[in-house]
Amino acid sequence: MERQEVAQLHADVDDFVAAWCPPAPAVGEREHFAHLVEFQRSLHAAGLAVVAWPHGLGGRGLGPAEAAYVARALGEAGTPELANFVGIEVLAPAMLKFGEPERLAAWLPSMADASQIWCQMFSEPDAGSDLAALGCRAERDGEGWRLTGQKIWSTWGHFADRALVLARTGTVASRHRGITAFVVDMADPGIEARPLRTMTGVAEFAEVFLDGVRVPDADVVGEVGKGWDVTLHILGSERGPYAVRRASVIRAEVNRALAVARAGGASEDARQAVLDAVVARFLLDCRLDAVVEGLERGETPGAEAALTKLLLTGADQAAFAASVELMGVGGQAWQGLMPEPIAGYLYSRSSSIYGGTSQIQHNIIAERLLGLPRLDA
Ligand SMILES: Cc1cc2nc3c(=O)[nH]c(=O)nc-3n(C[C@H](O)[C@H](O)[C@H](O)COP(=O)(O)OP(=O)(O)OC[C@H]3O[C@@H](n4cnc5c(N)ncnc54)[C@H](O)[C@@H]3O)c2cc1C
C-alpha cells in the first residue's frame, strides 16, 4: 500500500472524527434509521464508508488493515453503525467474490452511499441454526424465477430496498446442495415486510412474506444450486470481519467503564465485572489482530471464525454488564426512553444468537477445528 494513500486515509479519518457531532436523540426508529442513513452518507462523502472496495465501486482500493483502522477509529469516537452495515460488512464481501461485475456496478455504489438499503433474508421460522432446512422456494418462470415463502429476523428489512435471499431451487432432501442466492427488489408487489419490536424497544427486524416474487436470471448471485458457497462466505464475514467493527464499540464501552471504576466508589461486584470485561476485550483484540492479518493475506474466514464469534460475544456481554453493574440500582429502572448502556446491555444478549448461536460455534470448533466426532454420529 502506498504510504501517501495511508497517510491521506488517516488524515481523512481524523478530520471526520473531529467534525462529527452526534445528532439529537431520535424519537422512534424511523427517525433513528434516518440518522443512520445520514451518518453513512456523510461518511461516504468523506471517502470512508467502503475503503477496501475497488475504486470503480465507490471504494479507495485499500486493504483490510486500512478498513480495520477506520472501523476502530469510528467505533472509539462513538459514531453509530452504518445504516447498511449488513450490506457492507456481511453481504458485500461474498457479492464481490461471487457476483457478476456488471451487476456489482448496479448494486454496490448505491449500497455504499446508502441511497439503497440492503437486508439479509436467510433465517426462516423453521430454519435458523439449521439453515440447510430452509423452505422458501424458487420456481422457474421464463427467463427468471418466482420466490415464495417466509423469512424472519431480517435486520432493517422493513426499510430495505434490496435483499439477498436464500431460496430452494432443489428438492428439500437436497439440503444445502439445492439452495440458490438471489437479489430481490423489496418494491416487488409480492413482498410484505412486517416490523418486529425487540426488548430494546426498537423494531429493528422484519418478518418478510414472499408471494411469487419475480427475480430475473441476472440477479442470481453465484451459480444456481451453489448458494451454500455464498452462504458460508457470508457467515464467515459475519463471524470475522464484522467483529472488527463491533469490537470498536466494545472497546469504547470498556474504556468508559474503566474510567468510572478508576474514579473510585465502585462496588466489589462492579470492580470484578470491569476486570472481566478488560480481560475479555484483551482476548478479542489479540484474536482480531490475527483475523486482520489473515484477511491481508487474502484468506477467506473459515471454521476458525467460530472462535472470533465466541470471543466477540464474551467481550460484548462483559462490557455492557460491567457498565450496568457500575450504575447500581440506577441500572435496574429508568423513566422515559431506555438509556445507554442499558439498551447496549440488552442488545448484547443477542450477540450469542446472531450470525450463528454460541452453541453452533461450539459445535463448529468441536467438529471442524478439533476433529471430535459428531454427538449424533
Ligand atoms: C440481532 C440479530 C440480528 C439478526 N439479523 C438477521 C438478518 O439480518 N437476517 C437473517 O436471516 N437472520 C438474522 N438473525 C437471525 C439469526 O441468524 C438466527 O436467530 C440464528 O441463526 C438462530 O436461529 P433461530 O433463531 O432459528 O434459533 P434455533 O436455530 O431455533 O435455535 C434455538 C436454540 O437451539 C440451539 N440449537 C439449535 N441447533 C443446535 C445444535 N445443532 N446443537 C446445539 N444447540 C442447537 C440454539 O443454539 C438455540 O439456543 C438475526 C438474529 C439476531 C439476534
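The values are calculated or read from the model by the stated rules, or taken from the named source; none is laboratory data. Treat the numbers as computed from the prediction; the structure is a model and nothing was measured. As a convention, Cβ positions derive from the backbone with ideal geometry for all residues, glycine included, and neighbour counts pool all protein chains shown.
Quick one: would you say Val51 is among the aliphatic types (A, V, I, L, M) and part of a helix (DSSP H, G or I)? No: the conditions fail for Val51. Taking the range 100-121 as the range and being in contact (Cβ under 8 Å) with a residue 60 or more places away in the chain and in contact with a Ser or Thr (Cβ under 7 Å, 6 or more places away or on another chain) as the test, the residues that pass are Cys119, Gln120, Met121. A single member of Ala18, Ala26 is of a type in the set (Gly, Ala, Ser), out of contact with any Leu (no Cβ under 7 Å at 6 or more places or on another chain) and surrounded by 15 or more Cβ atoms within 10 Å (Cβ to Cβ), and it is Ala26. Tell me yes or no: at least one residue of the range 169-192 is at pLDDT 95 or above, hydroxyl-bearing (Ser, Thr, Tyr) and under 20 Å from the mean Cα position of the chain (by Cα). No.
Elements of the type helices (runs of 4 or more DSSP H) sitting completely within the range 272-377 and holding at least 2 residues that are away from the ligand (no atom under 16 Å from the Cβ), crowded, with 17+ Cβ neighbours inside 10 Å and under 20 Å from the mean Cα position of the chain (by Cα): these cover 305-326. If the condition is being among the charged types (D, E, K, R) and closer than 27 Å to Asp161 by Cα, then the range 62-86 contributes only Glu81. Please specify each residue of the range 259-271 satisfying the condition of being in a helix (DSSP H, G or I) and either hydrophobic (A, V, I, L, M, F, W, C) or buried (at least 21 other Cβ atoms within 10 Å of the Cβ) (or both). Selection gives Ala259, Val260, Ala261, Ala270.
Taking the criterion of being in contact with a Lys or Arg (Cβ under 8 Å, 6 or more places away or on another chain) and either more than 19 Å from Gly222 (Cα to Cα) or among the acidic types (Asp, Glu) (or both), the residues of the range 124-158 that qualify are Glu124, Ala133, Gly135, Glu139, Asp141, Thr148, Gly149, Gly157, His158. Quick check on Leu134: is it in contact (Cβ under 8 Å) with a residue 40 or more places away in the chain, in contact with a strand residue (DSSP E or B) (Cβ under 7 Å, 6 or more places away or on another chain) and farther than 21 Å from Ser110 by Cβ? Here the answer is yes, as Leu134 does meet what is asked.
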